[in-house]
Amino acid sequence: MGGEIDASVNNGRGPFVFRLHGQNFHQIGSLLPEEGLPPAFTQLYIFDTENEVRNRISAFSSKRRAPNSQSRTLRDDTVEAIKSMLDECNPYAKILRTARDRFGDALQSSDVKMILISGRGTNEKTYNLPTTSEVAALFVGDFDEEIDARDIIVETKGKKLTRISELHPSYLPLQYPLLFPFGEDGYHIDLHLKRTTTTSKKPRSKVSMREFFAYKIFERYNQFSALMFSGKLFQQFLVDGFTMIEAERIRYLKLNQKALRADKYSNVSTYAASGNQDSTKCGERIVLPSTYVGGARYMREKYMDAMAVCQTFGYPELFITFTCNPKWPEITRHLQQRRLKSEDRADILSRVFKMKLDSLIFEIHNKNLFGSSRGVIYTIEFQKRGLPHAHILLWLMPRSKTPTTIDIDKVISAEIPDQATDPILYDIVKELMIHGPCGLANPRSPCMDKGKCTKKFPKDFSNDTYINKDGFPVYRRRNDGRFVEKSGVPIDNRFVIPYNPYILLKYHAHINVEWCNQTRAIKYLFKYINKGNDRVTAAAAVPKEVPTNEVGGETIVIDEIKEYYDCRYVSPGESSWRTFGFEIHHSSTTVQRLAVQLPGEHHVT
């Protein structure tokens, strides 16, 4: 894999997370190493003896082991069992060993290539094992011009790694031989979609890549899948799979830029007036359209939609943040039966969180939990370690609004409950709704910056709720002597995150409820919930609609796809959420976008 792994996320405490930065791509090396260089694992597996394989793996493991980690030795019987299993079951191992046995010394003396043919058009089975007709070994110059662009070509010796197409059916079994021990085909464009009923006049006949990966990461009765029990490797598989899905979609956009790229007539006129004679260079850019989920234009469009809803309904009443709890009993029951940890199954976390989120939205909007609802909007984001959370905005009918601070106190609490009268709520608040400890008690807390808490804790004690001059609420936090102990530090009401007691008891998760019906808070609020997924800040900015210019005779091309890739972080949580096709934006209110054309502003393609 050619993506850049973000190791910084695993510094300190917390479960391991496989997090990828930037663009992901896939490569393969040669059959033999260059002169003077040690062989790669595929090379040593094929061309070395069993003892040499074991010795090289042991040496490689000792080099990569962290200085403070415990020493681990490889069991000979395990290595032998894996090797025997691959020799017996994996067709790719057989193919590569056959090449060694067939060509013998020719591999050392001649430039030989092996081709894994991508085409599966002659066989319509969903899962294909590679056959002799799908593999070819040839000497250079035989029939290179007939090779398909998606075929994998492995040369005897080569100085560079070769790019592998994400559409090649052999990619997954070659990248993950222990997860696909029988060499089952990965995704390829010849997978046929079996439909029993459809109302479309032009039904789709092929399986999409997203549908393929969604199918692979589901458990099925009476079927054992090594993929579900592979731990950290399953995290990599989820991230790898989603980046392949994105790569396929973006590749389509790159190949159809003529249909997507347009500029405004006023920009063309300005470009020509500046002395540029070649108008074809005006507006030359690579566009990531607003239909691409998660792109800068998409996020800006959702922000404008939310502002349109605000213009129609007025200010939203409540701002709710709902975070997934990996300790939910539905999740722990499932994982304990399989002896897994929550970080091992990001797909289960996503599915359970989606069900609970749908339940919460139904209660808020349809059952009028906080009063008669006019509309609700939410955006899904993913924390540093991949846990999904939703930012929810709620609009209420005028008769259901909370016009006074006494009404706010009925909905929102920012105090520690009485342990004697409400022990269950007390335990939940202690576990999930306490910030810190930070400040002098814990200056190394993640929220600390330059000696101060970025979340502005501890708050001040207050006997009553009121709205400050910036439009933000100051909740009632009485100095009543109640406290909880976290990490050996006593914490009082000043560190309590505002919550609603009913929601907290029912959903047992970190659910922050804030009142937000003031002018100055609105712009911050809407930009916050539509800022996009975890990425570098520059990616949230929409590229300006200006024509490209020329510097030193070279045209500067604005590549929005590259900007998107450069600023992108992908975690297993987001990968599983998007692979399942769950929405990252939801609005109960339909917004119709009107195309308003000003003089000189019509589009020119």
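The values are calculated or read from the model by the stated rules, or taken from the named source; none is laboratory data. Just so it is clear, the model here is predicted, and its values are computed rather than measured. Every residue, glycine among them, receives a Cβ derived from its backbone with ideal geometry; neighbour counts consider all protein chains shown.
Couple of notes before you dig in:
- Pairs, first farther than 20 Å from Ala390 by Cβ in the range 586-605, second part of a loop (DSSP other than H, G, I, E, B) and not small (Gly, Ala, Ser), C-beta under 8 Å, six or more apart: Thr605/Arg261
- Filter pass, Gly471 being free of Cβ contacts under 8 Å to residues at least 24 places away in the same chain and within 35 Å of the chain's Cα centre (by Cα): no
- Selection from the range 501-534 of residues that are in a helix (DSSP H, G or I) and at pLDDT 95 or above: Pro501, Tyr502, Ile503, Leu504, Leu505, Lys506, Tyr507
- Here the condition is being assigned to a helix (DSSP H, G or I) and either under 25 Å from Asn493 (Cα atoms) or outside the structural domain of Ser588 (by TED's automatic domain parsing) (or both); of Asp347, Asp418, it holds for Asp347 alone.
- When residues of the range 447-465 are limited to those that are without any contact (Cβ under 8 Å) to a residue 24 or more places away in the chain and part of a loop (DSSP other than H, G, I, E, B), the one surrounded by the fewest Cβ atoms within 10 Å (Cβ to Cβ): Lys450
- Residue in the range 466-474 that is closer than 28 Å to Ala420 by Cα, surrounded by 16 or more Cβ atoms within 10 Å (Cβ to Cβ) and at pLDDT 90 or above present: no
Conditions (1) modelled with pLDDT under 75; (2) of a type outside the set (Lys, Arg); (3) on the phi < 0 side of the Ramachandran plot, marked per residue:
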position: Thr198; (1), (2), (3): yes, yes, yes
position: Glu219; (1), (2), (3): no, yes, yes
position: Leu238; (1), (2), (3): no, yes, yes
position: Lys254; (1), (2), (3): no, no, yes
position: Asn276; (1), (2), (3): yes, yes, yes
position: Cys282; (1), (2), (3): yes, yes, yes
position: Pro289; (1), (2), (3): no, yes, yes
position: Tyr298; (1), (2), (3): no, yes, yes
position: Glu301; (1), (2), (3): no, yes, yes
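- Test: residue in the range 247-267 that is under 23 Å from Asn24 (Cα atoms), crowded, with 20+ Cβ neighbours inside 10 Å and not small (Gly, Ala, Ser): no
Residue-by-condition table, conditions (1) outside any loop (DSSP other than H, G, I, E, B); (2) under 23 Å from the mean Cα position of the chain (by Cα); (3) within 23 Å of Gly581 (Cβ to Cβ):
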position	(1), (2), (3)
Gly371	no, no, no
Ile377	yes, yes, yes
Gly386	no, yes, yes
His391	yes, yes, yes
Trp395	yes, no, no
Arg399	yes, no, no
Ile406	yes, no, no
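- Only residues that are charged (D, E, K, R) and surrounded by 14 or more Cβ atoms within 10 Å (Cβ to Cβ) were counted across the range 212-231, and they come to 2.
- Checklist (1) closer than 30 Å to Leu335 by Cβ; (2) of a type in the set (Ser, Thr, Tyr); (3) buried (at least 17 other Cβ atoms within 10 Å of the Cβ); (4) at pLDDT below 80 applied to Thr126, failing item: (3)
- Just one of the numbered conditions (1) farther than 30 Å from Asp358 by Cα; (2) not in a helix (DSSP H, G or I) is not true of Leu440: (2).
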